[in-house]
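Beneath this line is the structure, given in structure tokens, with notes to follow.
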Amino acid sequence: MRVQSAITALAVLVTTVAAEDRVSYDGYKVFRIDTHDNSEEIHRLIDGLHAVEVSCGESDHFELAVAPEDVEAFQALGLDASLLSEDLSVDLELEGPVESFYESEESNYTIEVRQQALPALSWFSSYRPYADHATFFSQMQAAFPQNSRIFNVGNSHQGRSIYGIHLWGPNGQGNRPAIYFHGTVHAREWISAPVVEYLTWQLINGYRNNDALVRSFFNKYDFYIVPFVNPDGFVHTQSSDRLWRKNRQPRSGTSCVGTDGNRNWNFQWSTPGGASTSPCSETYRGQAAGDTPEIRALTTFTNSLRTRGIKLFIDWHSYGQYILLPYGYNCQARAPNHNAQMSVAAGYSSAIRAVSGTRFTYGPSCSTLYATTGSSPDYMGGAMGAEYAWTVELRPGPGSGSSGFVLPAGQIAASGAEQWEGIKYVLNTI
Ligand code: 0X9
Ligand code: ZN
């Protein structure tokens, strides 16, 4: 079926390991498989192989990393496949090490907090451990004490706080329509959190420095930025399995763990074709809409933003360099202000490209990529009346070979900088 997602229904059979052991991708070979409109059948054939899908989700092909012991069995299937990488673990190394910022001497954390300074931009030179991110947000809040607060929308399955930062301007808190960002619903998409951190940093810095454009944004909007929708999954990618996607909630009757938070929202949740009903799938939607603690908490929080309305919602993902507009659940459905959304997305894409040439494709999400049901932008646009409700798929681009979920640390700052230019255009235009 056309609407069947290219990444639906794949059972990920990564070897079960004790919590402290890391899943090794040594010797995993990555293949690009052309589906020739036969995605469902191909997924049935590869079901049972030790393999993990590392696609950005284009519908005519997908990328699969196959464990060394199953490469022969995979090749015997005779699929239209080409080899992208001899060894996934070598590609994963390109990301660079996770380095603590606050434990390093050069960060001067205590001195900076005393001076109420923003964190140094060297924050963006490496990927950081989970715990450092909360410290980074408290440091930003301390640097903007009269115009921000840290809020907690609730707890994840494993009890971690799903926190965010709320920024406001001269009209006081909660008096303007919301600009609302979510990061890291998919655990392995590491570039998402640093990019929303970069945008937050620039907003605070611009306000503090009396930048006229940034001040104009604060006259019109309140900002609500949640960097880790799925903290348990993110911690799992740092401790055990770099390519984990879902949350870490077990389900009865299966040894497979995790629900896809971007299929669990209560909008068109049960419409067929855009999510999986199998707990072993990467796009498992859950047993009922909103039955994950993360999405339940965020649903309640989102409701509280309706008083002033949601002007713009962005769910930050990677990868593929896409700006995806409503809707995901149906390839014909369009938002009432579709033309306006297309025009703002076009300008956003040009503003990004003007920085250093990075190309972002834009269009309605189902027809541009593939169908998704129960996704957060669909919920925000379709159920909450958000005027602009988008998915942004960050760097790298779609043809990125073996694993686009791994973006070299040297590109974090550039990825943030091009998004800042793009988002300034968007905020100045909507
Ligand atoms: O599948 C998803 O949830 C998103 N892609 S990802 O590779 N980051 O997992 C895409 C969501 C956008 N919505 C649609 N394509 N309908
Ligand atoms: Zn994603």
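The values are calculated or read from the model by the stated rules, or taken from the named source; none is laboratory data. Note that the structure is a prediction, hence the values are computed from the model and not measured. A quick note on method: Cβ atoms are made from the backbone with ideal geometry, for glycine too, and the neighbour counts reach across all protein chains shown. Areas reflect the complete protein model, heavy atoms only, side chains present, ligands, DNA and RNA absent. Shrake-Rupley method; radii C 1.70, N 1.55, O 1.52, S 1.80 Å.
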Handout entry: Pairwise FRET efficiency - residue 102 versus residue 23, Cβ, R0 = 22 Å, nearest 0.05
Key = 0.20
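Please give the calculated 222 nm ellipticity per residue for the chain, where each DSSP H segment of at least 4 residues contributes -39500 (n - 2.57) and the sum is spread over every residue; nearest 500 deg cm²/dmol? Each step should come with its number before you reach the end.
Numbers: 13 runs with 133 residues, N = 430.
Here the helix-only value at 222 nm equals -9000 deg cm²/dmol.
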Completion exercise
Residue span residue 306 to residue 255: 0.36 nm per residue of separation minus Cα-Cα distance leaves a gain in nm of 14.5 nm
Exercise for the section: Could I have the simple spin-label model distance between residue 122 and residue 239, label points 7 Å from Cα toward Cβ, reported in nm to one decimal? Expected result: 2.9
Problem - Of all accessible heavy-atom area on the chain, the percent that carbon and sulfur account for (1.4 Å) - result: 47
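Using a ≥ b ≥ c from the Cα gyration tensor of segment 37-180 (square roots of the eigenvalues), is it rounded, prolate or oblate, where a/c under 1.5 gives rounded and otherwise the larger of a/b and b/c decides, a/b for prolate? Don't skip to the answer; put the middle values down first.
Working: a/c = 3.38, a/b = 2.07, b/c = 1.63.
It is prolate, given that a/c is not under 1.5 and a/b is the larger ratio.
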Completion exercise
Among 55, 349, 400, the residue with the largest mean-square fluctuation in a Gaussian network model of the chain built from Cα contacts under 10 Å is 400
Completion exercise
Calc'd 3J(HN,Hα), segment 309-319, phi into Karplus 6.51 cos²θ - 1.76 cosθ + 1.60 (θ = phi - 60°), Hz, glycine/Pro = x, comes to x, 9, 7, 9, 10, 10, 9, 8, 10, 9, 9
Fill in the blank from the handout: Shape descriptors of segment 29-86 over alpha-carbon atoms, Rg and Dmax in angstrom, are 10.2, 28
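Whats the longest run of the chain with zero GluC sites (Glu not before Pro) that are DSSP loop and have at most 13 other Cβ atoms within 10 Å? Display every interim value, and only then the final one.
On the way: sites that count: 20, 86, 103.
Result, exposed sites excluded: 104-430.
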Problem - Two-site label geometry, residue 383 and residue 75: point separation in nm, points 7 Å out along Cα→Cβ - result: 4.8
Exercise for the section: Provide the solvent-accessible area of residue 56, counting protein heavy atoms only and rolling a 1.4 Å probe, rounded to the nearest 10 Å². Expected result: 10
Practice task
Name the aspartates and glutamates eligible as straight-distance cross-link partners of residue 246: C-alpha to C-alpha under 14 Å, and not fewer than 8 places from it in the same chain.
Solution key: 53, 189, 232, 260, 282, 291, 294
Completion exercise
Taking a label point 7 Å from the Cα of residue 90 along Cα-to-Cβ, the residues of segment 396-430 whose backbone nitrogen sits under 16 Å from it are 401-403
Fill in the blank from the handout: Simple SL model, points at 7 angstrom along Cα→Cβ for residue 353 and residue 340; separation in nm is 2.5
Fill in the blank from the handout: The lysines whose Cα lies under 18 Å from the Cα of residue 424, excluding any fewer than 8 residues away in the same chain, are 220, 311
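Diagonalise the Cα gyration tensor of segment 196-309 and give the resulting equivalent ellipsoid semi-axes, square root of 5 times each eigenvalue, largest first, whole Å.
Details: eigenvalues 235, 68, 22 Å².
Working from the Cα gyration tensor, I get semi-axes of 34, 18, 11 Å.
Relative contact order for the chain: what percent, with Cα pairs under 8 Å and sequence separation of 6 or more? Before the final figure, lay out the partial values.
Details: 974 pairs, mean separation 80.6, N = 430.
Answer for the chain is 19 percent.
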Exercise for the section: Report the trypsin sites (Lys or Arg not before Pro) located in segment 274-354 that are in a DSSP loop and have at most 16 other Cβ atoms inside 10 Å of their Cβ, or state none. Expected result: 308, 334
Completion exercise
In whole angstrom, largest first, the equivalent ellipsoid semi-axes that the Cα gyration tensor gives for the chain are 34, 24, 20
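Once you charge only the Cβ atoms, +1 for Lys and Arg and -1 for Asp and Glu, what is the size of the charge dipole of the chain about its Cα centre, to the nearest 20 debye?
Values: 30 positive and 43 negative charges, 443 e Å.
Here the chain has a charge dipole of around 2120 debye.
Can you give the direction-averaged projected area of the convex hull of the alpha-carbon atoms in segment 277-378, in nm²? Walk me through the numbers before you get to the answer.
Values: hull surface 32.0 nm².
Average of the hull's projected areas for segment 277-378 equals 8.0 nm².
Please give the length that would be gained between residue 212 and residue 40 if that part of the chain were fully extended, namely 0.36 nm times their separation in residues minus their C-alpha to C-alpha distance (nm, one decimal). Provide the component values of the computation, followed by the final result.
On the way: separation 172, 0.36 × 172 = 61.92 nm, distance 5.26 nm.
Answer, rounded to one decimal: 56.7 nm.
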